[in-house]
Amino acid sequence: MEKLRIVFMGTPEFAVGILDTIIKNNYDVVGIITAADKPAGRGQKIKYSAVKEYALENKLTLLQPTNLKDEGFLQELKSLNANLQIVVAFRMLPEVVWKMPKLGTFNLHASLLPNYRGAAPINWAIINGDTKTGVTTFFIDNQIDTGVLILSSETEIAPDENAGQLHDRLMILGGETVIETLKLIEKETVTTTTQKDKPEIKQLTS
């Protein structure tokens, strides 16, 4: 069984919940990639991402590239010697990044793929009045949320549930699903399923 050396990529609070679960399950997270700092609010003060705040509190190695194809960043990423990358609510990765680790790069998405690929899957499930949703782990490819599926976990949506409540529940479910995915990868027992070409639910485009 190969020991995992993980690079985690994410930005918002949802990603922090997943990262915290990985750390608390004693996995070796050798680096964190998150968004560059941005000025926010009326005073245009520099605001750190939620993932950066967590990384600093827990003294984790942190990289904040503005360009994911930058040679300097790619060298830093390679030097972390990770064999697996996990992406949660980050941005589209260039092939040179997602192909780097030996065991691949997987993403946790807050829907039952292929439904609600792309941005704001939790909000779309609420807007469309869905009665169930869930989370999916899949290996990244060169399109958005189209890679081969690893695991999915389903949950009912209560009639009076709002996006914030569903977000928090899916964050917990997502953490559990990521740990299950890591166990499969560790044991080299992953089986994947190709996504259907078309989602069952048509997502509106803004």
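The values are calculated or read from the model by the stated rules, or taken from the named source; none is laboratory data. Please read these numbers as outputs of a predicted model, since none were measured by experiment. All Cβ positions, glycine included, derive from the backbone under ideal geometry; neighbour counts span all protein chains shown. Keep in mind that these areas ignore ligands, DNA and RNA; they rest on the heavy atoms of the full protein, side chains included. Shrake-Rupley method; radii C 1.70, N 1.55, O 1.52, S 1.80 Å.
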Worksheet item: From largest to smallest, what semi-axes in whole angstrom does the chain give when each is the square root of 5 times an eigenvalue of its alpha carbon gyration tensor?
Response: 26, 22, 17
Practice prompt. Please give the length that would be gained between Lys78 and Ala119 if that part of the chain were fully extended, namely 0.36 nm times their separation in residues minus their C-alpha to C-alpha distance (nm, one decimal).
Written response: 11.9 nm
Worksheet item: Which distance in Å, rounded to a whole number, links the C-alpha centroids of the range 81-99 and the range 34-78?
Response: 15
Discussion item. Take Asp28 and Glu71, extend 7 Å from each Cα along the Cα→Cβ direction, and tell me the distance between the two endpoints in nm.
Written reply: 3.0
Worksheet item: About its Cα centre, what dipole magnitude does the range 17-139 give when the only charges are +1 on Lys and Arg Cβ and -1 on Asp and Glu Cβ, stated in debye to the nearest 20?
Response: 200
Worksheet entry | Lys/Arg +1, Asp/Glu -1 at C-beta; the range 1-65 dipole; positive extreme among Pro65, Val7, Ile33 | Pro65
Item to complete: Excluding residues on the same chain fewer than 8 positions from Lys132, give the lysines whose Cα lies under 16 Å from its Cα.
Response: Lys202
Worksheet item: In the full protein assembly as shown, how much of Glu57 is accessible to a 1.4 Å probe, in Å² to the nearest 10?
Response: 130
Item to complete: Sort the range 1-96 into rounded, prolate or oblate with this rule: let a ≥ b ≥ c be the square roots of the eigenvalues of the Cα gyration tensor; rounded if a/c is under 1.5, and if a/c is not under 1.5, prolate when a/b is larger than b/c, oblate otherwise.
Response: oblate
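Quick one: of Lys24/Lys102; Lys3/Lys187; Lys78/Lys99; Lys59/Lys102; Lys24/Lys183; Lys24/Lys52, which pairs are farther than 20 Å apart, Cα to Cα?
In this structure, Lys24/Lys102; Lys59/Lys102 lie more than 20 Å apart at Cα.
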Worksheet item: At what distance in nm do the modelled label points of Ile46 and Lys102 sit from each other, each positioned 7 Å from its Cα along Cα→Cβ?
Response: 3.7
